[in-house]
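Heads up, the thing below is written out as structure tokens.
The values are calculated or read from the model by the stated rules, or taken from the named source; none is laboratory data. All of these numbers come straight from a predicted model, not from anything done at the bench. Every residue, glycine among them, receives a Cβ derived from its backbone with ideal geometry; neighbour counts consider all protein chains shown.
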């Protein structure tokens, strides 16, 4: 134990020097630091530095002295150097045991300080684990509370199970309703076709009776009989509308396909009041409707009265007329475009040539002609699909139609292949497979576009 009256170590002086040195280095009054009050509190590094500084200073003071202190290096203590050495040896001999005790105490205190620091680290780690466990316990408690709240939901799910079972039983009813809906739609569509047939038949009967009433007792002349024959051509109008709905595709699908041509119309700067577009054989009016929605001026002609009624129900500008006859009635250079979609394969060759010639005449310079028709280069189209329509005459190769347009006076004639089969149909792996794809799964239609010089 270090005593304050020990002549070798002045403890009061040592402590005062430590306080001053620490205060000077830390710029902080000594004595403010306190030991932790509870295990969870952290010990300040400043307090540890203070203790280490005291022990280092005490250790330096416990060493053997080789010379007198500074305050003894003046008269009369400086009389004899030999006497000083003798006094130092005597001093070292007399306090040898005390010095050993002091050194042991200092070393024990250092070891104790190191052990305390190790214990502090372990306590800190344990405290962190305790905090983690407490947080986990809080989460578990929260989960338990949540489970208590979820119990009513579980009970509700148990009550809902019979409803789910009932829905499973209802599914066949839903499927049956879908079938009934499909049957109803088919019946409504067929009913529309039958009504159109009845209207046409009524018209023919009325026409016949009117003519008979006017002519009786005179017999019908040749002109009247010819009128009856022409009316017979409309007996299949309703059939052809049903055929289009079945094999041509839905109205929305056709409109989506026709959007492809809008950039051509825009580039030609046509479709205005001064250069309207004429659609020959306008059918259900998908192209006319698309042009109108895009801001273009267009008119359609067709001889199918049922289709014309469909167009009129959509407020489309259509007239009942033969396409070639109507073109012949138009003045020169009066139209911006003449279009026909799946039309030319229905026409005899002389009529088709005449149609192209009349188109050249009625178009303004820069106007265009546009025809879309089945592509016989596709083997499936040329040998099978083309003949599904009984009103088709014969397939027209694209090279032939392009030549006909150029021969009649059109320039910059382009052929555009369209509507190839989906990729899932096609084969892969060899050049032969690629050629097979071209001939069997290639473009099903093509368009030919020519411009009037």
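Restrict the check to the range 314-336 and report whether at least one residue is closer than 25 Å to residue 256 by Cα, modelled with pLDDT under 95, part of a loop (DSSP other than H, G, I, E, B) and touching a strand residue (DSSP E or B) at 6+ places or on another chain (Cβ under 9 Å). Checked against the condition, which is being closer than 25 Å to residue 256 by Cα, modelled with pLDDT under 95, part of a loop (DSSP other than H, G, I, E, B) and touching a strand residue (DSSP E or B) at 6+ places or on another chain (Cβ under 9 Å), the range 314-336 yields no hits at all.
Reported count of residues in the range 256-266, each being more than 21 Å from residue 366 (Cβ to Cβ) and surrounded by 15 or more Cβ atoms within 10 Å (Cβ to Cβ), is 2. For the range 267-308, the tally of residues that are on the phi > 0 side of the Ramachandran plot, touching a helix residue (DSSP H, G or I) at 6+ places or on another chain (Cβ under 9 Å) and either outside any loop (DSSP other than H, G, I, E, B) or surrounded by fewer than 23 Cβ atoms within 10 Å (Cβ to Cβ) (or both) stands at 2. Scanning the range 381-396 for any residue that is farther than 24 Å from residue 332 by Cα, without any contact (Cβ under 8 Å) to a residue 24 or more places away in the chain, touching a helix residue (DSSP H, G or I) at 6+ places or on another chain (Cβ under 8 Å) and in a loop (DSSP other than H, G, I, E, B) turns up nothing.
Just checking, does the range 327-337 include any residue being surrounded by fewer than 15 Cβ atoms within 10 Å (Cβ to Cβ) and in contact (Cβ under 8 Å) with a residue 60 or more places away in the chain? No: zero hits. Within the range 393-425, the set of residues being in contact with a strand residue (DSSP E or B) (Cβ under 7 Å, 6 or more places away or on another chain) and at positive phi comprises 412, 419. Scanning the range 258-277 for residues that are under 32 Å from the mean Cα position of the chain (by Cα) and touching a residue at least 24 places away in the same chain (Cβ under 8 Å) yields a count of 7. In the range 81-89 there is no residue matching the filter, namely being surrounded by 13 or more Cβ atoms within 10 Å (Cβ to Cβ), in contact with a helix residue (DSSP H, G or I) (Cβ under 6 Å, 6 or more places away or on another chain) and at pLDDT below 75.
Taking the condition of being outside any helix (DSSP H, G or I) and in contact with a helix residue (DSSP H, G or I) (Cβ under 6 Å, 6 or more places away or on another chain), how many residues in the range 234-249 meet it? Write out each step before concluding.
The initial filter retains those residues of the range 234-249 that are outside any helix (DSSP H, G or I), namely 249.
Among the residues that remain, those that are also in contact with a helix residue (DSSP H, G or I) (Cβ under 6 Å, 6 or more places away or on another chain) are: none.
Qualifying residue count for the region: 0.
Listed by first and then second residue, the pairs linking a residue in the range 244-257 that is on the phi > 0 side of the Ramachandran plot to a residue that is part of a helix (DSSP H, G or I) and surrounded by 14 or more Cβ atoms within 10 Å (Cβ to Cβ), with Cβ atoms under 9 Å apart and 6 or more places separating them unless they lie on different chains, are 249/257.
Do we find that residue 405 is farther than 18 Å from residue 352 by Cβ, touching a helix residue (DSSP H, G or I) at 6+ places or on another chain (Cβ under 7 Å) and not in a strand (DSSP E or B) in this structure? So residue 405 fails the test.
In this structure, residue 360 does not qualify as over 41 Å from the mean Cα position of the chain (by Cα) and under 18 Å from residue 291 (Cα atoms).
When the range 354-380 is filtered for residues that are farther than 23 Å from residue 277 by Cβ and assigned to a helix (DSSP H, G or I), the ones remaining, listed by number, are 379, 380. Residue 323 meets the stated requirement of being over 44 Å from the mean Cα position of the chain (by Cα), buried (at least 20 other Cβ atoms within 10 Å of the Cβ) and under 24 Å from residue 395 (Cβ atoms). Suppose we keep only residues that are assigned to a loop (DSSP other than H, G, I, E, B) and surrounded by 12 or more Cβ atoms within 10 Å (Cβ to Cβ) within the range 427-453. Which one would you say is modelled with the lowest pLDDT? Here the answer is 427.
So for the range 345-353 (the condition being buried (at least 23 other Cβ atoms within 10 Å of the Cβ) and either part of a loop (DSSP other than H, G, I, E, B) or touching a strand residue (DSSP E or B) at 6+ places or on another chain (Cβ under 9 Å) (or both)), does at least one residue qualify? Please lay out each step first, then the result.
Here is the first cut: in the range 345-353, the residues buried (at least 23 other Cβ atoms within 10 Å of the Cβ) are none.
Looking for residues that are buried (at least 23 other Cβ atoms within 10 Å of the Cβ) and either part of a loop (DSSP other than H, G, I, E, B) or touching a strand residue (DSSP E or B) at 6+ places or on another chain (Cβ under 9 Å) (or both), one finds none in the range 345-353, hence no.
The residue that is farthest from the chain's Cα centre (by Cα), counting only those in the range 404-426 that are more than 22 Å from residue 256 (Cβ to Cβ) and exposed (fewer than 13 other Cβ atoms within 10 Å of the Cβ), is 407.
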